[in-house]
Amino acid sequence: MKAVCPGSFDPITLGHLSIFERAAAHVDQLTVLVTANPNKNTGLFTVDERMELIRRAVEHLPNVDVDTWGGLLVDYTTAHGVDALVKGLRSSLDYDYELPMAQMNRRLTGVETFFLLTDEKYGYVSSTLCKEVARYGGDVSGLMPDHVVAAVREKYRALDSGEKA
Ligand code: PNS
């Protein structure tokens with residue numbers, strides 16, 4: 001079975017990585033798909049930077065690759081023969097957000113979405129919250145892979161000093 005984990009991943013957290021590791025154990029091939037528009041740099045990291053941070057984080061997972069897509073998710077899954085989407089669920093907030101997307105995607109092409117419940121260690125971890133904490137100098141080690149913690153620190157340092165980040 002080929003599966004895709006889609007998301008903005010700006011940047012990847014240990015919560016995301018835990019979902020990739022668990023999903024990869026159940027499928028033949030897992031693609032982590034950064035579904036941002038590469039022409040719009042709206043996040044902290046560019047799409048290329050996000051993909052590189054993910055690639056380093058999944059080096060130990062031989063059946064996981066990384067790709068990007070700027071259109072409808074179901075067009076990607078159809079074009080690449082992907083059987084299923086995999087998402088992590090932290091709470092009922094995620095469920096409410098994910099339910100209509102899963103139903104819409106299934107209506108469009110029949111693609112199924114499988115949900116994995118987030119490991120309780122990472123139930124409160126999000127890219128947004130980690131960025132906010134790091135932005136004001138808080139410690140996010142243990143919540144994102146070490147190289148991502150370093151990249152976030154460097155990004156804010158460069159932004160604060162007026163360098164092109
Ligand atoms: O990082 P997120 O917010 O969890 O990612 C949501 C994402 C990117 C998976 C969703 O917005 C998406 O599927 N985008 C691709 C465009 C698309 O197919 N939209 C219709 C979804 S029903």
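Solvent-accessible area assigned to carbon and sulfur over region 42-165 amounts to 53 percent, based on a 1.4 Å probe.
When a/c is below 1.5 the answer is rounded, else prolate if a/b is larger than b/c, else oblate, so apply that to region 1-83 with a ≥ b ≥ c taken from the square roots of the Cα gyration tensor eigenvalues.
The shape class here is oblate.
Ordering 60, 92, 115 by the projection of their Cα atoms onto the charge dipole of region 29-116, which places +1 on the Cβ of Lys and Arg and -1 on the Cβ of Asp and Glu, puts 92 at the extreme positive end. Label sites at residue 72 and residue 139, each approximated as a point 7 angstrom past Cα along Cα to Cβ, lie 4.8 nm apart.
Computed extension gain for residue 158 through residue 103, at 0.36 nm per residue and net of the alpha carbon distance, reaches 15.7 nm. Between the amide H of residue 86 and those of 4, 5, 114, distances stay under 5 Å, these residues lying 5 or more places away or on another chain, with hydrogens modeled in the peptide plane.
When the helices of the chain are scored as -39500 (n - 2.57) per DSSP H run of n ≥ 4 and the total is divided over every residue, the value at 222 nm lands at -13500 deg cm²/dmol. Sequentially through region 63-80, phi angles give Karplus couplings (6.51, -1.76, 1.60; θ = phi - 60°) of 9, 10, 10, 10, 9, 9, 7, x, x, 5, 4, 5, 5, 5, 5, 5, 5, 10 Hz, Gly and Pro residues having no value and appearing as x.
Residues in the chain average 55 Å² of solvent-accessible surface per residue, probe 1.4 Å, ligands and nucleic acids excluded. What you get for the chain, charging only the Cβ of Lys and Arg (+1) and of Asp and Glu (-1), is a dipole of about 240 debye around the Cα centre.
Across 34, 133, 152, mean-square fluctuation computed from a Gaussian network of the chain (C-alpha pairs under 10 Å connected) peaks at 133.
The values are calculated or read from the model by the stated rules, or taken from the named source; none is laboratory data. Here the structure is a predicted model, which means the values were calculated and not measured. A quick note on method: Cβ atoms are made from the backbone with ideal geometry, for glycine too, and the neighbour counts reach across all protein chains shown. Remember, those area values only see protein heavy atoms, side chains included, never the ligands or the DNA or RNA. Shrake-Rupley method; radii C 1.70, N 1.55, O 1.52, S 1.80 Å.
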